[in-house]
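Rule-based calculations on the coordinates, nothing more; no lab input. Source: prediction; values computed, not measured.
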Amino acid sequence: MLQRLIGVSIGALVTFLILWFSDFTNQTDLISWYVAAAVIWAVASFFWPVVAGIWFVRRRRNNAIEREVQRQMADQQK
């Protein structure tokens, strides 16, 4: 449930930014901006758990490396 909520929020933000920065003076080509925003929204909401998972795994690995370095430093001081 939380993953869907975050995914929809990220997708909505991306859609808003794309439509915000698009050129609204050309009203005939406006539908292509909506399609592009919807496609990017779908991709962002689908792949954000993958990106978050990679970030969490790297964080956990860095913490493990840091603990091991601290353990070895403590062993050297004894």
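Summary table
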| item | result |
| --- | --- |
| Compactness of the chain, expressed as Rg and Dmax over alpha-carbon positions, Å | 21.5, 75 |
| Cα-based helix-to-principal-axis angle, 2-21 vs the chain, degrees rounded to 10 | 50 |
